[in-house]
Amino acid sequence: MTPDHFRIIWSDESIADLRSIHHYLSRKSKKAAIELIKRILEREEQILQYPLSGTIYLSEELGIEFRFVIEGNYKIIYRIDDAFIIVNTIFDTRQDPDKLNHIKEPQAEFSKAATK
């Protein structure tokens, strides 16, 4: 499938992650928080153009193959599902990797505002 056939969907969890990252970093520097969020969101273009470029991450619990790209200390974890690329979560790599076990397969009800 060519990149122009994909649509990207940011799950509710990934949007909440972005908000949490922004909130946390804003306490020290609003400018740094905005810049990081901007860089994370700009990774969308890479994911759309080269969806298979992300490193493979297999969720043993779900038996689903995810991929991720890195921006700074954050993994942008997504999966490809037919014509959709679903960003599941944004994970701070400085945290315990066992926290990645919380990744869930998003339900069909995605945030409409999150689709492009």
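The values are calculated or read from the model by the stated rules, or taken from the named source; none is laboratory data. None of the values given here were measured: they were computed from a predicted structure. FYI the Cβ positions are ideal-geometry reconstructions off the backbone, even for glycines, and counts take in every protein chain you see.
Points worth noting:
- Top-ranked residue of region 4-41 - restricted to ones that are in contact (Cβ under 8 Å) with a residue 60 or more places away in the chain and under 18 Å from Thr93 (Cα atoms), ranked as nearest to the chain's Cα centre (by Cα): Ser14
- Region 52-76, residues that are touching an Asp or Glu at 6+ places or on another chain (Cβ under 7 Å) and either surrounded by fewer than 11 Cβ atoms within 10 Å (Cβ to Cβ) or more than 15 Å from Leu18 (Cα to Cα) (or both): Ile56, Leu58, Leu62, Ile64
- Any hit, region 51-70, residues being assigned to a helix (DSSP H, G or I) and either modelled with pLDDT under 90 or among the hydroxyl-bearing types (Ser, Thr, Tyr) (or both): yes
- For Gln46, the criteria (1) surrounded by 14 or more Cβ atoms within 10 Å (Cβ to Cβ); (2) more than 17 Å from Gln95 (Cα to Cα); (3) at pLDDT 95 or above hold in every case but one, which is (3).
- Of all residues in region 21-38, those being loosely packed, with under 11 Cβ neighbours inside 10 Å and over 16 Å from Gly72 (Cα atoms) number 3.
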